[in-house]
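One structure is given here, and the rest of the page talks about it.
The values are calculated or read from the model by the stated rules, or taken from the named source; none is laboratory data. Note that the structure is a prediction, hence the values are computed from the model and not measured. Reconstructed Cβ throughout: ideal geometry from the backbone, glycine too, with neighbour counts over all protein chains shown.
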């Protein structure tokens with residue numbers, strides 16, 4: 001899956017709504033689940049910046065790696081490893097697929113990308129459309145769902161139970177295709193150059209992202 005497919009998948013999922021989807025059998029969250037989600041909200045809200053590596057794997061097993069930079073509120077950069085010249089960047093007013101070599105860019109609205117939930121000043125997963133919760137000895141998974149014009153889309157967010165850090169998320173598209181995004185070597189609350197979150201106004205806007 002290329003960068004066009006990645007952001008198209010991200011753009012289909014809007015994280016907003018009641019605690020449990022109306023088309024799912026509702027149940028009460030356990031006190032432990034409520035406590036975990038509260039702790040995740042509080043911890044991630046206190047993290048002002050994140051820097052690390054990512055690994056993106058699609059349903060066919062294609063692997064793409066790169067580095068990411070996040071600064072709250074509203075800023076994120078995914079930079080794909082060479083030989084790619086592409087990156088995904090947000091400065092709070094939209095997400096852009098940028099090709100630095102071709103000097104082109106493609107924009108998605110900020111409110112149509114699920115990562116906005118983790119770019120907000122204050123994180124509150126209880127405002128999202130939670131349809132499933134599960135946990136193992138080490139990880140806690142919060143699955144969110146949204147009904148889009150293309151069909152039902154889900155995203156499963158995987159958190160470390162001890163640290164409350166986001167480790168991975170998996171997007172499931174209406175077709176059943178999945179995109180898993182894992183984070184590694186993450187550092188928190190480090191200084192990030194302001195130049196990293198920049199949309200060059202001289203780059204040409206295109207109607208579709210570059211392949």
Just to be sure before I move on: is residue 126 outside any loop (DSSP other than H, G, I, E, B), touching a strand residue (DSSP E or B) at 6+ places or on another chain (Cβ under 7 Å) and within 18 Å of residue 46 (Cβ to Cβ) in the structure I sent?
no
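Okay, residues lined up against (1) buried (at least 18 other Cβ atoms within 10 Å of the Cβ); (2) modelled with pLDDT of 90 or more:
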residue: 112; (1), (2): no, no
residue: 119; (1), (2): yes, no
residue: 135; (1), (2): no, yes
residue: 148; (1), (2): no, no
residue: 160; (1), (2): no, yes
residue: 187; (1), (2): no, yes
residue: 196; (1), (2): no, yes
residue: 200; (1), (2): no, no
residue: 204; (1), (2): no, no
Identify, by number, the condition in (1) at pLDDT 85 or above; (2) closer than 30 Å to residue 203 by Cα that residue 177 doesn't meet.
(2)
Checking residue 199 against (1) farther than 25 Å from residue 106 by Cβ; (2) not in a strand (DSSP E or B), which single condition isn't satisfied?
(1)
